[in-house]
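Have a look at the structure below before the remarks.
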Amino acid sequence: MKVGVTGGAGFIGEHVCDELARRGHHPLVFDHKGRHNPPHPVMLGDARDPVAMAELAAHVDGIIHLAACLGTQETIANPRPAAITNVEGGLNFLEACAQYNIPGVYIGVGNHWMNNTYSISKTTVERFAAMFNKERGTRINTVRLVNAYGPRQSVAPPFGPAKVRKITPAFVCRALTGQTIEVYGDGQQVSDMVHVMDGAKALVTALEKAAQSIVFDKVVEVGPAEHRTVNQVAQEVIAAAVSLDYPAVNLKHLPMRPGEIPGAHVTADTSTLALVDMSADTLIPLRDGIIHTVDWYATNWLPSYRDAA
Ligand SMILES: NC(=O)c1ccc[n+]([C@@H]2O[C@H](COP(=O)([O-])OP(=O)(O)OC[C@H]3O[C@@H](n4cnc5c(N)ncnc54)[C@H](O)[C@@H]3O)[C@@H](O)[C@H]2O)c1
C-alpha cells in the first residue's frame with residue numbers, strides 16, 4: 001500500500017515510516033516540517049488545510065494521522081494552536097478518508113480522560129472517528145499509545161530546541177551529562193512506557209486491518225503488562241547510563257506542573273492488543289528499551305551537544 005503518514009517527520013512518524021517500509025508498503029510523509037535528505041518521500045503540507053489533506057488522500061491507499069501539536073502543560077496557557085491543529089486537522093483527516101473511501105488510523109493518547117488542552121483535543125477526534133465509522137461508513141481504527149519512548153525523540157531546553165519536554169529525553173540527557181534528574185511531583189505517578197517501535201507496529205497493523213475492512217469496536221491501547229512509576233523509570237535510565245560507563249546521578253523532586261494529576265495512573269488496557277495481533281508479553285521490555293535508547297542518545301546526541309557547549 002502507498003500510505004500517507006501525517007506528522008511523518010516527527011518522532012513516532014519516522015518509526016512508523018520505517019515499519020511501513022519494512023513490511024513492503026510505501027510511506028509518503030505529509031508534514032509542514034521539511035528535512036534535509038529525508039529517508040522517505042515527502043509531501044509538504046499543513047494538516048489544518050482541508051485541501052492539502054484531500055490532496056494527500058487522492059494520492060495514497062491509506063493514511064496514518066499523527067500530525068499534532070503536543071504538550072500537556074505547554075498548551076494550557078494558550079489552548080488555541082493545539083485545539084485548532086488537533087481538532088481541525090483530525091476532522092480534515094476523517095473527511096479526506098471519507099471522500100476517497102480509504103482506510104485510516106488515528107493515534108490517541110494514554111491520558112485521554114485528563115482535562116488539559118492536549119488530551120481534550122486528541123480525544124475529541126477519537127469520538128469523531130467513532131461517529132464517522134458509524135454514520136459515514138469510514139474505516140478508521142484508533143490506537144492509543146501511553147508514553148512513547150525510544151531513539152530520535154526530540155530534546156527540549158537546555159539540551160535541545162524542542163518546545164515540549166518529554167520524560168525520556170529529559171531524563172536521559174541529564175543522566176548522560178552528569179546532572180541530577182528532575183522528577184515532577186513525588187514520582188509515584190504511574191506512566192506506562194511503550195517503545196516507539198512497538199507503537200509503530202500496532203499503528204501499521206491497525207491500518208492493514210482497516211484496509212481489510214476490519215474496523216475495531218474498541219480503541220487499541222499499547223502499553224506494557226507491568227506498570228512502573230516515574231521514579232522507577234528514572235532509576236532505569238540511571239542504571240542504563242551506569243551500564244554504559246557514565247557516572248550515577250541522583251534524583252530530585254520538583255513541584256507538579258499544571259495539567260497533570262498527582263498520583264495519576266496512565267496505563268493501557270493490554271487486552272486490546274489482540275486486535276492488532278500483539279500481546280503485552282511480546283513488547284520490548286522496559287530495561288532493554290531504555291538501554292537501547294540511552295545508547296542511541298550517547299552516540300547520536302551527546303557528541304553534538306558537547307561540541308556546541
Ligand atoms: N510521544 C508520545 O508519547 C505520544 C503518545 C501518544 C500519542 N502521541 C501522538 O503521536 C503523534 C506524534 O507524536 P510525536 O511524539 O511523534 O510528536 P512530534 O512532535 O515528534 O511529531 C509531530 C509531527 O507533526 C508535525 N505537525 C505538527 N503540526 C502539523 C500540521 N499542522 N501540519 C502538518 N504537520 C504537522 C510536526 O512537524 C511533527 O513532525 C501525535 O498525534 C501525538 O499526539 C504521542
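Any read-out appearing in this document is the output of simple, stated calculations on the displayed coordinates, not a laboratory observation. Quick caveat: nothing in here was measured; it's all calculated off a predicted structure. When we count neighbours, we look across all protein chains shown, and the Cβ atoms used for this are built from the backbone with ideal geometry, even at glycine.
Gain in length, residue 112 to residue 84, computed as 0.36 nm per residue apart minus the alpha-carbon separation, to one decimal in nm? Before the final figure, lay out the partial values.
Values: separation 28, 0.36 × 28 = 10.08 nm, distance 1.74 nm.
Extra length available between residue 112 and residue 84 comes to 8.3 nm.
Among 134, 2, which comes first, second and so on when ranked by fewest other beta-carbon atoms within 10 Å? It would help to have the intermediate numbers written out before the result.
Working: 134 10, 2 14.
So the residues, fewest neighbours to most, are 134, 2.
Label points 7 Å out from Cα along the Cβ direction at residue 23 and residue 306: separation in nm?
About 4.0 nm separates the two model spin labels.
For residue 2 and residue 163, FRET efficiency with R0 = 30 Å and r from the beta-carbon atoms, rounded to 0.05?
Numbers: r = 31 Å, r/R0 = 1.04.
Result of the calculation: an efficiency of 0.45.
Counting helices only, and only those DSSP H runs with n ≥ 4, report the 222 nm mean residue ellipticity of the chain as the sum of -39,500 (n - 2.57) divided by its residues, in deg cm²/dmol to the nearest 500.
-12000 deg cm²/dmol
For a quick check: with amide H placed at 1.01 Å from N, whose amide H comes under 5 Å from residue 28's, ignoring anything fewer than 5 positions away on the same chain?
For residue 28, whose amide H was placed from the backbone, the distant partners under 5 Å are 3, 4, 5.
Calculate the dipole size of the range 2-308 relative to its Cα centre from +1 charges on Lys and Arg beta carbons and -1 charges on Asp and Glu beta carbons; express the result in debye to the nearest 20.
Values: 26 positive and 30 negative charges, 85 e Å.
Using Cβ point charges on Lys, Arg, Asp and Glu, the range 2-308 gives about 400 debye.
Tell me which residues come under 5 Å, amide H to amide H, from residue 67 once H is placed; ignore anything under 5 positions away on its chain.
Close amide H contacts, sequence-distant or interchain: 6, 7.
My understanding is that a pair violates if its Cα-Cα distance is over 27 Å; which of 163/252; 134/209; 166/252; 134/166; 122/201 do that in this structure? Present the calculation step by step, with values, prior to reporting the outcome.
Working: 163/252 23 Å; 134/209 17 Å; 166/252 17 Å; 134/166 35 Å; 122/201 21 Å.
From the list (163/252; 134/209; 166/252; 134/166; 122/201), the Cα-Cα distance tops 27 Å for 134/166.
Once a ≥ b ≥ c are taken as the square roots of the eigenvalues of the Cα gyration tensor of the range 1-160, is the result rounded (a/c under 1.5), prolate (a/b larger than b/c) or oblate (a/b not larger than b/c)?
Values: a/c = 1.58, a/b = 1.08, b/c = 1.47.
Because a/c hits 1.5 or more and a/b fails to exceed b/c, the range 1-160 counts as oblate.
Measure off 7 Å from each Cα along the Cα-to-Cβ vector at residue 252 and residue 188, then give the distance between these two points in nanometres to one decimal.
2.3 nm
In which sequence would 113, 296 go, from the one with the fewest C-beta neighbours within 10 Å to the one with the most? Please list the in-between numbers first.
Details: 113 12, 296 15.
The order, fewest Cβ neighbours first, is 113, 296.
What is the angle, in °, between the Cα long axis of helix 196-211 and the longest principal axis of the Cα atoms in the chain? Nearest 10 is fine, range 0 to 90.
So the helix axis and the longest Cα principal axis differ by about 10 degrees.
Given 3, 286, 255, which one lies farthest toward the positive end of the charge dipole of the chain, if we put +1 on the Cβ of every Lys and Arg and -1 on the Cβ of every Asp and Glu?
Towards the positive end, the residue furthest out is 255.
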